[in-house]
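A.B. asks: Can you keep this structure in mind? I'll have questions shortly.
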Amino acid sequence: MNPTPSLVILVASILTNNILLASFLGMCSFLACSTKIETSIGLGVAVTFVMVCTTGLNYLLYHYILVPLELEFLHFILFIAVIAAFVQFVEMFVERFSPKLYHALGIFLPLITVNCAILGAALFMVMRHYNFLQSLAYGLGSGLGFLLALVLMAGLREKMGYANVPVPLRGTAVIMLITGVIAMTFMGFAGMITMQ
Amino acid sequence: MTIILLAVCVTTGLFLALSAALLVAERRLVNYGVCQVTVNGGEQGFAIEGGCNLLSALSENNITIPASCGGKGMCGYCKVRVTAGGGELLPTELPFLTRRDIATGIRLACQVKIRQDIHVSVPDFLDVVAEMVRTGTFDKHAQWRFSIKGEEHESV
């Protein structure tokens, strides 16, 4: 078992081990949905919610079904199935009970199914031997970290509309450069907490 | 050998369980019950099982709305005024609606999903044609043939 307290994992996964800026997972939806702060908050909240729930579900699946049967090698494909089914379920649930929320988040839900950050969080949880509470903290922290990075980027991109970007760098190129710079600044947090 | 069998069983079992859970959820959640559609302030009306779109509900009940794209949200002809129970405007409808349309509750019938009792007012089809001719937004290549006796019409 991993001895790190859950609270440390939560803070560390937001700042020092940010899933987007340290592991560069979930880049596709990061690049696509960071044009406006409003949409980025929508996607970030949806990702956070799905991440917390699926890390919990996948923890139970892994430790109570796969480990006793010695089928750990199946975890990749089964985690993906669980995530896809869960997202489908959330979509139905939200559409039924909160059309307003569906209106705001609905377009992001299909994007989340194929978001590698969510599968990444589930796989890191297994790799780092977290217990249930630590896994939930890690899922929540990674989701919030994703939200933070996304909103930062959206804020910068809104400002960048007024900037005079050199022609060869326009579009995705300058976004990638800025992401790299943000990732480097986040390395400044590294001395604060160390996480295994 | 046993490990392969076990792996196949677990994978199949999990997939079956997830599919079953989703099917049950679909039965429970995507079931809106019977909804009452009131047309033109009570002039016409019918009850229909919720969950389908307004355009198909109306045409199943012999209230024809012109929709050359067949309900894909592409042509923008199926405009109706929804006075109650239409839900929120969708981004797919925005390109076809003017500000005045939005303010007066015009929606594209093919994009409105029936979730509850709904009140709509449907324009007279001939008015629509007259409007198209006046503004020149009709499809010049389409020809319509109307039979005088019945309500049937067909495109040629």
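A.B. asks: For the range A:38-115, which GluC sites (Glu not before Pro) pass both filters: DSSP loop (anything but H, G, I, E, B) and at most 11 other C-beta atoms within 10 Å? Display every interim value, and only then the final one.
C.D. replies: Numbers: sites: A:Glu38, A:Glu70, A:Glu72, A:Glu91, A:Glu95; in loops: A:Glu70.
Those that pass, being in a loop and sparsely packed, are A:Glu70.
A.B. asks: Let me confirm one metric for peptide B:81-91, namely the mean number of other chain beta-carbon atoms within 10 Å of its residues' beta-carbons.
C.D. replies: 1
A.B. asks: Now, a different point. Quick check: from the Cα gyration tensor, does chain A come out rounded (a/c under 1.5), prolate or oblate?
C.D. replies: Because a/c hits 1.5 or more and a/b fails to exceed b/c, chain A counts as oblate.
A.B. asks: Once a ≥ b ≥ c are taken as the square roots of the eigenvalues of the Cα gyration tensor of the range A:1-105, is the result rounded (a/c under 1.5), prolate (a/b larger than b/c) or oblate (a/b not larger than b/c)?
C.D. replies: oblate
A.B. asks: Filter the trypsin sites (Lys or Arg not before Pro) in the range B:29-105 down to the DSSP loop ones having no more than 14 other Cβ atoms within 10 Å, then list what survives.
C.D. replies: Here the trypsin sites (Lys or Arg not before Pro) that fit, given the DSSP loop and packing criteria, are B:Lys72.
A.B. asks: Projected onto the charge dipole of the range B:10-81 (+1 at Lys/Arg Cβ, -1 at Asp/Glu Cβ, origin at the Cα centre), which of B:Ala25, B:Asn61, B:Gly76 gives the Cα projection farthest towards the positive end?
C.D. replies: Final value for the positive-end residue is B:Gly76.
A.B. asks: If you don't mind, there's one more thing I want to ask. Go through A:Lys100/A:Lys159; A:Lys36/B:Lys113; A:Lys36/B:Lys72; A:Lys36/A:Lys100 and tell me which ones have a Cα-Cα distance over 22 Å in this structure.
C.D. replies: With Cα atoms farther than 22 Å apart: A:Lys100/A:Lys159; A:Lys36/B:Lys113; A:Lys36/B:Lys72.
A.B. asks: For a Förster distance of 41 Å, can you work out the FRET efficiency between the beta-carbons of B:Val24 and B:Leu94, rounded to the nearest 0.05?
C.D. replies: That gives a FRET efficiency of 0.70.
A.B. asks: What FRET efficiency, computed as 1/(1 + (r/R0)^6) with R0 = 22 Å and r the Cβ-Cβ distance, is obtained for B:Met74 and B:Asn31, rounded to the nearest 0.05?
C.D. replies: Taking R0 as 22 Å, the efficiency between B:Met74 and B:Asn31 is 0.15.
A.B. asks: Say R0 is 56 Å: what FRET efficiency, to the nearest 0.05, do A:Phe189 and B:Cys52 get from their beta-carbon distance?
C.D. replies: It comes out at approximately 0.60.
A.B. asks: Using DSSP to define loop residues, name the chymotrypsin sites (Phe, Trp or Tyr not before Pro) in the range A:104-191 whose beta-carbon has at most 10 other beta-carbon atoms within 10 Å.
C.D. replies: Those satisfying the criteria are A:Tyr162.
A.B. asks: Suppose every K and R has +1 on its Cβ and every D and E has -1 on its Cβ; what is the size of the dipole of the protein assembly as shown about the Cα centre, in Debye to the nearest 20? Don't skip to the end; give the middle numbers.
C.D. replies: Values: 21 positive and 21 negative charges, 152 e Å.
That gives the protein assembly as shown a dipole magnitude of about 720 debye.
A.B. asks: Another question, if that's okay. Nearest 20 debye, what's the magnitude of the dipole of chain A about its Cα centre given +1 on Lys and Arg Cβ and -1 on Asp and Glu Cβ?
C.D. replies: 440 debye
A.B. asks: Taking +1 at the Cβ of each Lys and Arg and -1 at the Cβ of each Asp and Glu, which of A:His63, A:Val90, A:Leu150 sits farthest along the dipole of the range A:6-189 towards its positive end, judged by Cα position relative to the Cα centre?
C.D. replies: After comparing all options, I get A:Leu150.
A.B. asks: Turning to a different aspect of this structure: Compute the longest continuous run of chain A that contains no exposed trypsin sites (Lys or Arg not before Pro); treat a site as exposed when its DSSP state is not H, G, I, E or B and it has at most 14 other Cβ atoms within 10 Å.
C.D. replies: Here the longest run is A:37-169.
A.B. asks: Further question on the same structure: Hey, fewest Cβ within 10 Å first, where do A:Leu78, B:Leu54, B:Leu16, A:Leu71 land in order?
C.D. replies: Going from sparsest to densest Cβ surroundings: B:Leu16, A:Leu71, A:Leu78, B:Leu54.
A.B. asks: Evaluate the distance, in nm, between pseudo-label points positioned 7 Å from the Cα of A:Arg96 and of A:Leu123 along their respective Cα→Cβ axes.
C.D. replies: 3.3 nm
A.B. asks: Here's something else I'd like to know. Run the quick spin-label model on A:Glu70 and A:Leu7: label points 7 Å from Cα toward the beta carbon, then report their separation in nm to one decimal.
C.D. replies: Computed distance between label sites A:Glu70 and A:Leu7 equals 4.2 nm.
Read the figures in this text as sums done on the coordinates, not as results from a lab. Here the structure is a predicted model, which is why all the values come from computation and not from measurement. When we count neighbours, we look across all protein chains shown, and the Cβ atoms used for this are built from the backbone with ideal geometry, even at glycine.
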